[in-house]
Amino acid sequence: MTEKELLSVVQDYGSPVYVYDSSVMERQYKRLINAFRDVKQLRIHYAVKALSNISALKFLHSLGAGMDTVSIQEVRLALEAGVPAGHIIYTPNGVSMAEIEKAASLGVRINIDNLSVLEQFGTQHPDIPVCIRINPHVMAGGNTNISVGHIDSKFGISIHQLPHIKRIVDNTGMHINGIHMHTGSDILDIDVFLYASEILFKAAGEFDSLEFIDFGSGFKVPYKDGDIETNVEELGKKLSERFNDFCSSYGRELTLAFEPGKFLVSESGKFLVSVNVVKQTTSTVFAQVDSGFNHLIRPMLYGAKHHISNISNPSGRERFYTVTGYICETDTFANNRRISEIREGDILAFHNAGAYCFTMSSNYNSRYRPAEVLWHNGKSHLIREREKFEDLTKNQKVLEF
Ligand SMILES: *Cc1c(COP(=O)(O)O)cnc(C)c1O
């Protein structure tokens, strides 16, 4: 989107506002499909938690994506978006047996990530097939060496517990239809990812009636200059070849599945805010915007660096600014960042605001959550209204004194 188009969104819907460009989601989706074109059966399950607006889900589904969900509420959102239950995978962690049974009753694919639930589920529902989430204990990312890590991670069933899994499966007579991993780390080194995949293939070889292997996500997108991006084209080429070999030795054509969130939506999003105050102190110049970690928490929570541009003054002289919010808390978005000259009233754009931004927002300081807009076919469409005062009070039971 051009600066002019972004400014028109603020003009029409006010600030702060999230805007998502559907053409960027489509570009990313097609890149992935194209990278894995040599695989006969490919399934992309979009990770709903990254951006869960129903219109975004519908758009991604219209491209062909299924959904990856982590709560029963996300399952319901995906169904609401018209995604068939068979194209929804439910991958919870640490949820109750009752919630898993609820998801199963809705007909979605179940992914189980601990032995206790596997045994309970298999005992009570031996006829419902499940997928198993394996923890391969491989850290993909950070280190250039292949390191065996995350031994303490709460996610997945350890690959070293494969004998336990097999015992439970044999005892209950349950049916395992898929093998899954999601390391949660960025794929910086494709060889590390392929190494983890080998562990998954080995586990897959232990089950004789699989339908799919799900390689999770970990696709990294650039947030700032110099960031490494996962080379999906190279990964696609190498993993597809290996996957096809595995299918021949397995004796059956399996589906290769992925569940990217960030890769599909991060770059599509911009978060647009207004500058309330420019404040010169003895050490820096603060640009204070009409937002805070109530709307965008990634910089404070993860130290994420979101590129910030001044779309009201794109060719202004660059100066150093510390960009903060307006809530009563330390809410620094950026420290001493070079941005073209900021004046009060200017509109700043945070880039890469499609994934884990709106979905992590809150009402802290009793502020409203922002509006969301989808930019589609050259036009803006409001897909979520800005909250109102009634949204803050609607569930409260007010006592009289
Ligand atoms: C969050 C999550 C994803 C998506 O991760 P990204 O880094 O956004 O691609 C995929 N699978 C599972 C199980 C997840 O919890």
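Could you identify the single residue in THR330, THR284, THR324 that is among the β-branched types (Val, Ile, Thr) and modelled with pLDDT of 95 or more?
Values: THR330 fails: modelled with pLDDT of 95 or more; THR284 fails: modelled with pLDDT of 95 or more.
The conditions single out THR324.
Return yes or no: is GLU241 modelled with pLDDT of 95 or more and crowded, with 22+ Cβ neighbours inside 10 Å? Quick ask: steps written out before the conclusion?
Numbers: modelled with pLDDT of 95 or more: yes; crowded, with 22+ Cβ neighbours inside 10 Å: no.
No: the conditions fail for GLU241.
Any idea which of (1) outside any loop (DSSP other than H, G, I, E, B); (2) within 14 Å of the ligand (Cβ to nearest atom) is the one ASN177 doesn't satisfy?
Failed condition: (2).
Out of (1) assigned to a loop (DSSP other than H, G, I, E, B); (2) touching a Lys or Arg at 6+ places or on another chain (Cβ under 6 Å); (3) under 20 Å from GLY156 (Cβ atoms), what's the single condition that is false for THR230?
(3)
Is it the case, given these coordinates, that LEU272 is in the same structural domain as PHE212 (by TED's automatic domain parsing), in a strand (DSSP E or B), under 29 Å from the mean Cα position of the chain (by Cα) and of a type outside the set (Gly, Ala, Ser)?
no
Quick one: how many residues across region 103-143 are more than 15 Å from the ligand (Cβ to nearest atom) and either assigned to a loop (DSSP other than H, G, I, E, B) or surrounded by fewer than 21 Cβ atoms within 10 Å (Cβ to Cβ) (or both)?
Of all residues in region 103-143, those more than 15 Å from the ligand (Cβ to nearest atom) come to 104-107, 115-129, 137-138, 143.
Right, trim to either assigned to a loop (DSSP other than H, G, I, E, B) or surrounded by fewer than 21 Cβ atoms within 10 Å (Cβ to Cβ) (or both) and you get 104-107, 115-117, 119-120, 123-129, 137, 143.
Result for region 103-143: 18.
What are the residues in region 241-267 that are within 16 Å of the ligand (Cβ to nearest atom) and of a type in the set (Phe, Trp, Tyr), if any?
Answer for region 241-267, where residues must be within 16 Å of the ligand (Cβ to nearest atom) and of a type in the set (Phe, Trp, Tyr): PHE258, PHE263.
Considering only region 304-313, I want to know if a residue exists there that is out of contact with any Cys (no Cβ under 6 Å at 6 or more places or on another chain) and surrounded by fewer than 16 Cβ atoms within 10 Å (Cβ to Cβ). Write out each step before concluding.
Here is the first cut: in region 304-313, the residues out of contact with any Cys (no Cβ under 6 Å at 6 or more places or on another chain) are 304-313.
Okay, now just the ones that are also surrounded by fewer than 16 Cβ atoms within 10 Å (Cβ to Cβ), so none.
Taking every residue of region 304-313 in turn, none turns out to be out of contact with any Cys (no Cβ under 6 Å at 6 or more places or on another chain) and surrounded by fewer than 16 Cβ atoms within 10 Å (Cβ to Cβ).
Would you confirm whether or not region 150-170 contains a residue that is under 25 Å from GLU241 (Cβ atoms) and at pLDDT below 95? Break it down into steps so the answer makes sense when it comes.
Restricting attention to region 150-170, the residues satisfying the condition of being under 25 Å from GLU241 (Cβ atoms) are 159.
So of that shortlist, the ones also at pLDDT below 95 come out as 159.
Checking region 150-170: at least one residue is under 25 Å from GLU241 (Cβ atoms) and at pLDDT below 95.
Being within 16 Å of the ligand (Cβ to nearest atom) and either in a helix (DSSP H, G or I) or among the polar types (S, T, N, Q) (or both) is the requirement here; does VAL95 meet it? If you could, list the steps in order and put the result at the bottom.
Working: within 16 Å of the ligand (Cβ to nearest atom): yes; either in a helix (DSSP H, G or I) or among the polar types (S, T, N, Q) (or both): no.
No, not satisfied.
A quick yes/no check of all residues on (1) within 16 Å of the ligand (Cβ to nearest atom); (2) surrounded by fewer than 17 Cβ atoms within 10 Å (Cβ to Cβ):
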position	(1), (2)
PHE215	yes, no
ASP225	no, yes
GLY236	yes, no
GLY269	yes, no
VAL273	no, no
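Tell me, please, whether a residue that is more than 16 Å from the ligand (Cβ to nearest atom), on the phi < 0 side of the Ramachandran plot, at pLDDT 95 or above and aliphatic (A, V, I, L, M) can be found in region 350-369.
From region 350-369, those more than 16 Å from the ligand (Cβ to nearest atom) are 350-351, 361-369; that's our starting set.
Add one more test, that the residue is on the phi < 0 side of the Ramachandran plot, and what stays is 350-351, 361-364, 367-369.
Add one more test, that the residue is at pLDDT 95 or above, and what stays is 350-351, 361-364, 367-369.
Add one more test, that the residue is aliphatic (A, V, I, L, M), and what stays is none.
No; the residues of region 350-369 include none that is more than 16 Å from the ligand (Cβ to nearest atom), on the phi < 0 side of the Ramachandran plot, at pLDDT 95 or above and aliphatic (A, V, I, L, M).
Matching residues to (1) part of a helix (DSSP H, G or I); (2) more than 30 Å from CYS247 (Cβ to Cβ); (3) assigned by TED's automatic domain parsing to the domain that holds LYS270; (4) among the small types (Gly, Ala, Ser):
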site: ARG31; (1), (2), (3), (4): yes, no, no, no
site: ASN34; (1), (2), (3), (4): yes, no, no, no
site: VAL39; (1), (2), (3), (4): no, no, no, no
site: LEU60; (1), (2), (3), (4): yes, no, no, no
site: MET67; (1), (2), (3), (4): no, no, no, no
site: ALA78; (1), (2), (3), (4): yes, no, no, yes
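Pick out, from region 287-401, the strands (runs of 3 or more DSSP E) lying fully within it that include 3 or more residues that are under 15 Å from LYS270 (Cα atoms). Step through it out loud before you land on a result.
Working: elements: 308-310, 318-324, 332-340, 347-350, 371-376, 379-384.
Where strands (runs of 3 or more DSSP E) fall fully within region 287-401 and carry at least 3 residues being under 15 Å from LYS270 (Cα atoms), they are 308-310, 347-350, 371-376, 379-384.
Mind checking which residues of region 183-192 are surrounded by 23 or more Cβ atoms within 10 Å (Cβ to Cβ) and either within 13 Å of the ligand (Cβ to nearest atom) or under 20 Å from THR255 (Cβ atoms) (or both)? Break it down stepwise before answering.
Taking region 183-192 first, the residues surrounded by 23 or more Cβ atoms within 10 Å (Cβ to Cβ) are 183, 187, 192.
Within region 183-192, THR183, ILE187 meet the criteria.
Going through GLY269, GLY205 one at a time, which residue ends up being under 22 Å from ILE89 (Cα atoms) and not hydrophobic (A, V, I, L, M, F, W, C)?
Details: GLY269 fails: under 22 Å from ILE89 (Cα atoms).
Testing whether each residue is under 22 Å from ILE89 (Cα atoms) and not hydrophobic (A, V, I, L, M, F, W, C) leaves just GLY205.
The values are calculated or read from the model by the stated rules, or taken from the named source; none is laboratory data. From a predicted model like this one, the values you see are computed outputs, not experimental measurements. In this analysis, Cβ positions are derived from the backbone assuming ideal geometry, glycine residues included, and neighbour counts consider all displayed protein chains.
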